[in-house]
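A short write-up of the structure that comes next.
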Amino acid sequence: MPANQPLWLRAVIRIERAIGEPIESAVRSDTYFDVISATTRVRRKVLGTAEGVSKRCLHLLNLPAGSDIRGMRQQLARMERRINQLSHDVAELDEDESGPGVR
Amino acid sequence: MNPRIPSTLNPADLLTRVNRDVERSILRARNGIRYARGTHRPTLGVTPKEVVWKRDKAELWRYQGGDRRYGPPVVIVHSLVSRSYILDLRPGNSTVEYLTRAGLDVYMLDWGVADELDADNDLERYVDWYMPRALDAARAASGHEEVTLAGYCLGGVMAALYAAGHDDANVRNLILMATPVDYSEMGAMVALLREGRLNPDELIDETGNVPADALYSGFYMLAPTVEVAQKATLLENLWNDEFVEGFQAMATWSRDHVPFPGAAFRQLVDLLVRQNILMTGSMPLGSRQVDLAAVQGNVLNAMAERDNVVPPPAVEPVMQLVGDPFRREELRLPGGHVTFGTGRSAFKHTMPKLTGWIIDHSDTPS
């Protein structure tokens, strides 16, 4: 700790460490990891259930749900990626034909 | 001065201190308002550069401003989880600027911000597709056959896999900065995934990537209360423009994570974290097995002694695994994970030592 720090700052840093160290060991404990993984799973489950209900309601009205849009975006992304790859391949073939040194 | 009067009570000194405190209070108020408003944020990553190669979101930047006296070119490969401007944070506090001013020809391979289009990017895509093309572009731009390849954090793993997995890699020097190889020593960062409490797919969102927020939470939870002390230190130094600017720059970077491509994340968890495969000295990549000892050239294993993201024990085995045993060197630096990019320790130790090592292993000016 630098000697020229004012007393109040030293006190804050000491208090922070006094509180922070037990918290840091708590967030590295098995209990914390168990809680986090359980929370993540529960959250995903709740979201999945809510999404399933809303999807059925929207489909009853012949409307697309968020998951439909998401699926479509993923398909579009795959297609765009494929097109990008093909255009890179074509560009590289063109470069090879143009001879070395051309980029 | 009367020796019986303590210096603190000397009227002249007292007046100077009062003046200084008043001045600082005014500056504190001004900077405090600026900070609260969010204005006057420093511009980051400003060393002049040109894009010499680009595929999808990956870009290779060549930095300008130096006289490029040494070769081969230095190509920095950044990690997939954070923004590359940590190595070019602010003018006068930038590793890239330091290297460039020393006469090195510096390039940065930046991966951009992953989205749905990058969800299928696996490690092979980075190591076997982007990197060979980017490094060819660096060789063509610099006119050198060889490169000095420097990887930071996960970028170091990719750099090592590239150097070991390509016969035509032509890597004269491989610099691994805070590069984890022993994932059993990575602590809290990977514990949730290593012990099977969470599966990678439970962290991947609808874009097919791990969201930046999840990565930020992971880093934040390493020291959740430290921000209090940092904010108190800021309050004390709020009068100091340079301190405030540096603080804002670091605060911006530490919150500015990028989504991690899903396919690469699944591989990272399965191979690197759960199987700790790098500790076997080799790793499957595509249809082949990449042997880390096959790295040609000099290897510098640089680590930060107070790194709580990639602790030294996770980095140390590089000295037993990567490259020729007679061409390995270790560099221990004071400071934390960001000492490779910013901070007083970076300027005092990291930048001069890294630059010195690279120059010692480069061609001297003709």
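The values are calculated or read from the model by the stated rules, or taken from the named source; none is laboratory data. Here the structure is a predicted model, which means the values were calculated and not measured. Here Cβ is always computed from backbone atoms with ideal geometry, including for glycine, and neighbour counts include all displayed protein chains.
When the range B:97-107 is limited to residues that are more than 13 Å from B:T148 (Cβ to Cβ) and within 17 Å of the chain's Cα centre (by Cα), the one that is surrounded by the most Cβ atoms within 10 Å (Cβ to Cβ) turns out to be B:T100.
Within the range A:29-66, the set of residues being in contact with an Asp or Glu (Cβ under 9 Å, 6 or more places away or on another chain) and either surrounded by fewer than 12 Cβ atoms within 10 Å (Cβ to Cβ) or at the interface with chain B (Cβ under 9 Å from one of its Cβ atoms) (or both) comprises A:D30, A:F33, A:S37, A:T40, A:R41, A:R44, A:G66. Residue count for the range A:16-28, restricted to those that are within 8 Å of chain B (Cβ to nearest Cβ) and out of contact with any helix residue (DSSP H, G or I) (no Cβ under 9 Å at 6 or more places or on another chain): 1.
From the list B:G66, B:G38, B:G92, exactly one residue is touching a Ser or Thr at 6+ places or on another chain (Cβ under 6 Å) and surrounded by fewer than 21 Cβ atoms within 10 Å (Cβ to Cβ). Which is it? First the steps, then the outcome.
Working: B:G38 fails: touching a Ser or Thr at 6+ places or on another chain (Cβ under 6 Å); B:G92 fails: touching a Ser or Thr at 6+ places or on another chain (Cβ under 6 Å).
Answer to the check: B:G66.
Filtering the range B:168-222 to residues that are closer than 19 Å to B:A264 by Cβ and charged (D, E, K, R) leaves B:R194, B:D201, B:E202, B:D205, B:E206, B:D213.
Could you tell me whether A:E97 is part of a helix (DSSP H, G or I) and facing chain B (nearest Cβ under 7 Å)? Here the answer is no, as A:E97 does not meet what is asked.
A single member of A:I69, A:I13 is within 8 Å of chain B (Cβ to nearest Cβ), surrounded by 10 or more Cβ atoms within 10 Å (Cβ to Cβ), of a type in the set (V, I, T) and assigned to a helix (DSSP H, G or I), and it is A:I13. If the condition is being more than 10 Å from every other protein chain (Cβ to nearest Cβ), closer than 30 Å to B:V299 by Cα and outside any helix (DSSP H, G or I), then the range B:172-222 contributes B:R172, B:N173, B:L174, B:I175, B:L176, B:M177, B:A178, B:T179, B:P180, B:V181, B:D182, B:M186. Applying the condition of being more than 13 Å from chain A (Cβ to nearest Cβ) and within 21 Å of the chain's Cα centre (by Cα) to the range B:114-130 and asking which residue is nearest to B:F265 (Cα to Cα) yields B:L123.
Within the range B:192-219, the residues that satisfy the criterion of being over 19 Å from B:Q267 (Cβ atoms), modelled with pLDDT under 90 and within 22 Å of the chain's Cα centre (by Cα) are B:Y216, B:S217, B:F219.
Of all the numbered requirements in (1) touching a His at 6+ places or on another chain (Cβ under 7 Å); (2) within 29 Å of B:S217 (Cα to Cα); (3) not hydroxyl-bearing (S, T, Y), A:A65 misses one, and that requirement is (2). The strands (runs of 3 or more DSSP E) found wholly in the range B:31-94 and carrying at least 3 residues that are more than 21 Å from B:H337 (Cβ to Cβ) and either within 19 Å of the chain's Cα centre (by Cα) or hydrophobic (A, V, I, L, M, F, W, C) (or both) occupy B:49-55, B:58-63.
In the range B:1-30, of all residues being assigned to a helix (DSSP H, G or I) and among the β-branched types (V, I, T), the one that is modelled with the lowest pLDDT corresponds to B:T8. Of B:R306, B:R332, all but one fail to be on the phi < 0 side of the Ramachandran plot and in a strand (DSSP E or B); the exception is B:R332.
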